[in-house]
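Undergrad: I am attaching a structure below and will ask some questions about it afterwards.
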Amino acid sequence: MGIQHPAVPADEPAVVERGTGATGGELVLRRAGEHFEIISNGVFLMDTRDGASERAMVRDALAAVPAGRTGVSVLIGGLGVGFSARAALDDPRVGRVHALELEPRIVAWHSTHLAPVAGNLTADPRFSVTQDDLLAWLERAEETFDAICLDVDNGPGWTVTEGNARLYEPAALRQVWRLTRPGGAVTFWSATRAPGFADVLEEVFGEPVEERQIAARRGEPDVVYLARRANTLEDAAG
């Protein structure tokens, strides 16, 4: 008989695909049992095991949009495994969901490995995705949205790509405000509390900011920051 090797546990992560990411580091898609994991530059980004806080980020934003508004348009910043986009599409008021994703490999995986995870997003005519840098896109975008939901890296205090920290600074937040329709709402996902971020958001949006903690499978709770754009006559006229 040949040498007997120990069996590999069913949930031991196995690499499905790996390659160079848009920022030059390594991007890896792994499978562990029934679940997928995305690793960027050796840092765990996300997996398909839960997604409760990512869904909550979208639901909180949509709940803040005026109840009588229909055909709601949603911008998702950071496609990831698709939980956020799917939560938006599942809301009957939503007429369009547009996602921004920096990594072309992640966009492609939603037509292959990740397609079943979020209910085949690309098959829904209300869904579209653009492969682009969110910060650069915000500067030139003209279309406005009722709800903007941003999940970039691990939040304001824990960015994988150094340049992404600018998203959470006043200049970029003002661009987010510009693209938010009067009466609309913006949410930010974070893996941890980000001291001072709510104050910066409140200064830019001019409205009280809500901070909601959502229990994670382990460790500290995830955090969703919610900001609203006032539905004033002055805003509407602009």
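Undergrad: To the nearest 20 debye, what is the magnitude of the charge dipole of the chain about its Cα centre, counting +1 on the Cβ of each Lys and Arg and -1 on the Cβ of each Asp and Glu? Display every interim value, and only then the final one.
TA: On the way: 23 positive and 35 negative charges, 96 e Å.
For this selection, approximately 460 debye.
Undergrad: Rank Thr112, Gly42, Pro92 by how far each Cα sits towards the positive end of the charge dipole of the chain (+1 on Lys, Arg Cβ; -1 on Asp, Glu Cβ) and give me just the farthest.
TA: My answer, from the dipole projection, is Pro92.
Undergrad: What order do you get for 139-147, 69-77, 18-26 when each peptide is scored by the mean count of other beta carbon atoms within 10 Å, highest first?
TA: Packing proxy ranking, top to bottom: 69-77, 139-147, 18-26.
Undergrad: Let me ask something additional. Starting at the first residue of the stretch 133-140, write each ³J(HN,Hα) from the Karplus equation 6.51 cos²θ - 1.76 cosθ + 1.60 with θ = phi - 60°, in whole Hz, x for Gly and Pro.
TA: 6, 4, 4, 5, 5, 4, 5, 10
Undergrad: Starting at the first residue of the stretch 22-38, write each ³J(HN,Hα) from the Karplus equation 6.51 cos²θ - 1.76 cosθ + 1.60 with θ = phi - 60°, in whole Hz, x for Gly and Pro.
TA: 5, 8, x, x, 8, 10, 10, 10, 10, 10, 10, x, 8, 10, 10, 10, 10
Undergrad: In whole percent, what relative contact order does the chain give with Cα contacts below 8 Å and a gap of six or more residues?
TA: 16
Undergrad: Hey, in the GNM for the chain with a 10 angstrom Cα cutoff, which one of Gly219, Gly42, Gly95 fluctuates hardest?
TA: Comparing Gly219, Gly42, Gly95 in the GNM, the peak value goes to Gly219.
Undergrad: Then there is this: Give the peptides 185-197, 56-68 in descending order of average Cβ contacts within 10 Å, highest first.
TA: 185-197, 56-68
Undergrad: Let me ask another. What is the local net charge at Ala227, summed over the other residues whose Cβ is closer than 11 Å to its Cβ (Lys, Arg +1; Asp, Glu -1)?
TA: Around Ala227, the charge tally is -4.
Undergrad: Turning to a different aspect of this structure: Summing Lys, Arg as +1 and Asp, Glu as -1, what charge do residues with Cβ under 11 Å from the Cβ of Ala22 carry, Ala22 excluded?
TA: Combined, the nearby Lys, Arg, Asp and Glu give -3.
Undergrad: Give me the net charge of Thr144's neighbourhood, meaning all other residues with Cβ under 9 Å from the Cβ of Thr144; Lys, Arg count +1, Asp, Glu -1. Display every interim value, and only then the final one.
TA: On the way: positive: Arg178, Arg181; negative: Glu142, Glu143, Asp146.
Local charge sum for Thr144: -1.
Undergrad: Out of residues 5 or more away from Ala99 or on other chains, whose amide H comes under 5 Å of its own, with H placed 1.01 Å from N in the peptide plane?
TA: Amide H neighbours of Ala99, under 5 Å, 5+ apart: Ile76, Ser128, Val129, Thr130.
Undergrad: How large is the helix-only mean residue ellipticity at 222 nm for the chain, computed as the sum of -39500 (n - 2.57) over DSSP H runs with n ≥ 4, divided by its residue count, in deg cm²/dmol to the nearest 500?
TA: One gets -6500 deg cm²/dmol as the mean residue ellipticity at 222 nm.
No value in this document is a laboratory result; all are computed from the given coordinates. Predicted, not measured: the structure shown is a model, and the values here were computed from it. Positions of Cβ are generated from backbone atoms using ideal geometry, with glycine treated the same way; all protein chains shown enter the neighbour counts.
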